[in-house]
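Beneath this line is the structure, given in structure tokens, with notes to follow.
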Amino acid sequence: MTESKKINIAVAKGDGIGPEIMDSVIKIFDAANAPLNYHYVDMGKDWFNKGFSTGMTPEATETIEEHGVLFKGPMETPKGKGVKSINVTARKVWNTYANVRKFRIYHGVDTVFSQAGIPINMTILRENIEDTYGGIEYMHSPDVAVSYRLITKPGSDQFFKYVFEYAKAQGATQVTCAHKSNIMKLTDGLFMNTFYDVAKQYPEIEVNDLIVDDLAMKLVRFPDKFQIIALTNLQGDIISDLCAGLVGGLGFAPSANIGDNISIFEAVHGTAPDIAGHNIANPTSLLLSGIMMLRHLGQISFADNIENALLYTLENGTHTGDFGAKDSKPVSTTEFADTIIANFGKTPEVGMVKHTGIADFTPVKKSRPSELRILPVTQAPEMKIAGADIFIESYDLPNVVAQQVAKVIGDKVVLQIISNRGTKVWPSNSVFTDSVPHYRMRFVAAEENSHLNYSDIFELATRLSELMIVSDVEVLKEWGDLIGYSKIQGA
Ligand code: NAD
């Protein structure tokens, strides 16, 4: 194949074991004649140390944005330098909104499930931008920390459309959405409702939802019952590592971060500094991520050929030191890669891969956007202000707080409830409710069925701030039947 017919991708070798495993994977790709042109970019610890605050050079950014695909080794974010994780930043800045992690049993990688003959073949799709990963956190007092957990309809919509397109391309018949909407009714409720809304466009796929803790239990007991599971960011982070544990650890868990313009393929393990430079690291996770990348790029037969050689290699007991039979000698990283190359064209006994030509993904090379876009939102009725939750730091008991509030409340609002850590402590309470010096006071319009305006709220907050430490003000909004705030427990 001529150079011009090859697909251009950006490659960042990474830190620690990154260069060793990347070199081995690219050796395998080259031996398989995978039609790729590699553009190596400067990214990782050394570039943080050279003063690039994002951990990459402007040229690296340009190359990645031009080619739209980044194949990367693990990278280290220097500790204590106030810099953000290069991995998380890359995923967010380039809006790779879906994280895809595949898990299957590999013959030769012993787990309780492989030994019991229970097949596992599932994919976890995790929303990759939102949730607590915005890192929007505050200290309301020296003892009280809060985090914004943002779940949005447009973001969930974008994610679930991808989930169902992916399921369709895979020929999956079932998609499960996991969440915690019994507790987080607004955030996870919105996520789950969007799942069911998008599912309507895919009637051929069976859908269901599970509370995430129930899912965790079911995954450990019946991992063969799941095909595709979609989750929010943090819950997906935890559940996908649980699934890695089911199939033999992070060394067998590939990962893709998919966006509309840029996608990133990487191993999920870290830089393994303890074994770096010894040529003993296991390149399987990065190789599997590379196989996902080849399928993403429509190179199905190359992906199948390499994956079958890997399966054959594992099946025949070749292993690096981190897995495999204890009584057989481990091979080095390069020997492992060479064995895979020697096994091209051989047929694994179990789990041979044969795709029918459908790509895992449907990549469409888009032109560079001229400016950031605002995702489409749903039309809602006019917004009305029902009241406000005002958060304060106070060391007084709730009835004393209420007496102080009465001095400045005025006649437009009434104090409805005071809660502590989400539980009602005024006008009545349980003496067993231990409290902390952090109250939420809920104020609503004094006149029934009337509404307030912003100045009512912020003037009240100003008057209160003369008597107590106001930490935050949250406006209670309503759009017709849509109530934009949660109820208070015990109210
Ligand atoms: P780690 O995954 O690097 O190592 C944990 C253990 O697993 C170590 O004993 C290591 O030797 C072993 N291990 C990991 N990958 C292996 C492989 N391919 N073959 C054989 N053994 C392997 O986790 P850590 O020690 O917590 O993190 C080290 C560094 O990696 C940190 O700087 C962290 O920030 C970074 N990290 C990067 C990524 C990423 O780039 N996506 C992910 C996780 C951690």
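Once amide H atoms are placed 1.01 Å from N in the peptide plane, what residues at a sequence separation of 5 or more from Val425, or on another chain, have their amide H within under 5 Å of its amide H?
Placed amide hydrogens put Ile418, Ser419, Asn420 under 5 Å from Val425.
Enumerate by residue number the trypsin sites (Lys or Arg not before Pro) in region 215-316 meeting two conditions: DSSP loop (anything except H, G, I, E, B), and at most 15 other Cβ atoms within 10 Å of the site's Cβ. Don't jump to the answer; show the numbers that get you there.
Details: sites: Lys218, Arg221, Lys225, Arg295; in loops: none.
Sparse-neighbourhood loop trypsin sites (Lys or Arg not before Pro): none present.
Short version: ³J(HN,Hα) in whole Hz for each residue of region 408-413, in order, from phi by Karplus 6.51 cos²θ - 1.76 cosθ + 1.60 (θ = phi - 60°), x for Gly and Pro, what are they?
Using θ = phi - 60°, the values come out as 10, 5, x, 10, 7, 10 Hz.
In the chain, what percent of the accessible surface is made up of carbon and sulfur (1.4 Å probe, ligands and nucleic acids excluded)? Mind dumping the intermediate values first?
Values: 12700 of 23550 Å².
Carbon-and-sulfur percentage of accessible area, whole number: 54.
Scan around Leu36 for amide H atoms under 5 Å from its own, H built in the peptide plane at 1.01 Å from N, and keep only partners 5 or more places away or cross-chain.
HN-HN under 5 Å from Leu36: Ile7.
State the Cα centre-to-centre distance between region 124-178 and region 393-465 in whole Å.
Each part reduced to its Cα centre gives a spacing of 32 Å.
With unit charges on the beta carbon (Lys/Arg positive, Asp/Glu negative), name the residue among Phe458, Ser24, Leu375 whose Cα is farthest towards the positive pole of the charge dipole of the chain.
Ser24
Quick one: of the DSSP bridges fully inside the chain, what percent are antiparallel, nearest 5?
Numbers: 49 of 75 bridges.
Just about 65 percent of them are antiparallel.
Could you size up the charge dipole of the chain around its Cα centre, putting +1 on the beta carbon of Lys and Arg and -1 on that of Asp and Glu, and report it in debye to the nearest 20? Don't skip to the answer; put the middle values down first.
Numbers: 45 positive and 58 negative charges, 83 e Å.
That gives a dipole near 400 debye.
On full extension of the chain, what length is gained from Val353 through Ser435, given 0.36 nm per residue of separation minus the C-alpha to C-alpha distance? Don't skip to the answer; put the middle values down first.
Working: separation 82, 0.36 × 82 = 29.52 nm, distance 5.74 nm.
Stretched fully, the Val353-Ser435 segment lengthens by 23.8 nm.
Sorting check: for 62-74, 111-123, which peptide has the highest mean count of neighbouring beta carbons within 10 Å, and how do the rest follow? Please list the in-between numbers first.
Working: 62-74: 20.8, 111-123: 15.1.
With the highest mean Cβ count within 10 Å placed first, the list reads 62-74, 111-123.
Quick query: amide H of Ser394 versus all other amide H atoms, modeled in the peptide plane; which residues come in under 5 Å with a sequence gap of 5 or more or a different chain?
Those lying under 5 Å, H to H, from Ser394 are His438, Tyr439.
So what are the ³J(HN,Hα) numbers for region 194-208, from phi and the Karplus equation (6.51, -1.76, 1.60; θ = phi - 60°), rounded to whole Hz, Gly and Pro as x?
Computed from phi, the couplings for region 194-208 are 5, 4, 5, 4, 5, 4, 4, 7, 10, x, 6, 9, 6, 10, 8 Hz.
What list of ³J(HN,Hα) values in whole Hz, one per residue of region 53-66 in order, does the Karplus curve 6.51 cos²θ - 1.76 cosθ + 1.60 (θ = phi - 60°) give from phi, with Gly and Pro shown as x?
Whole-Hz 3J(HN,Hα) from phi for region 53-66: 5, 8, x, 8, 7, x, 5, 4, 4, 4, 5, 5, 5, 6.
When only DSSP loop residues count, what GluC sites (Glu not before Pro) in region 188-282 have their Cβ near at most 10 other Cβ atoms within 10 Å? Spell out each step's value before the answer.
Values: sites: Glu204, Glu206, Glu266; in loops: Glu204.
In loop regions of region 188-282 (DSSP not H, G, I, E or B), the sparsely surrounded GluC sites (Glu not before Pro) are Glu204.
Just the number, please: percent antiparallel of the DSSP beta bridges in region 410-491, rounded to the nearest 5.
Working: 12 of 13 bridges.
Roughly 90 percent of the DSSP beta bridges within region 410-491 come out antiparallel.
From the P(r) of region 226-365, could you give the percentage of C-alpha pairs in the tail past 26 Å? All intermediate terms of the calculation are to be shown ahead of the outcome.
Numbers: 2665 of 9730 pairs.
That fraction is 27 percent.
Taking the Cα centre as origin and putting +1 on Lys and Arg beta-carbons and -1 on Asp and Glu beta-carbons, what dipole magnitude results for region 1-63, to the nearest 20 debye?
On the way: 6 positive and 9 negative charges, 26 e Å.
Rounded to the nearest 20 debye, it is 120 debye.
Could you give the distance between the Cα centres of region 14-48 and region 222-275, to the whole Å?
Going from one Cα centre to the other spans 20 Å.
The values are calculated or read from the model by the stated rules, or taken from the named source; none is laboratory data. Treat the numbers as computed from the prediction; the structure is a model and nothing was measured. With ideal geometry, Cβ positions are generated from the backbone for all residues, glycine too; neighbour counts draw on all protein chains shown. Surface accessibility is based on the protein's heavy atoms, side chains included, excluding ligands, DNA and RNA. Shrake-Rupley method; radii C 1.70, N 1.55, O 1.52, S 1.80 Å.
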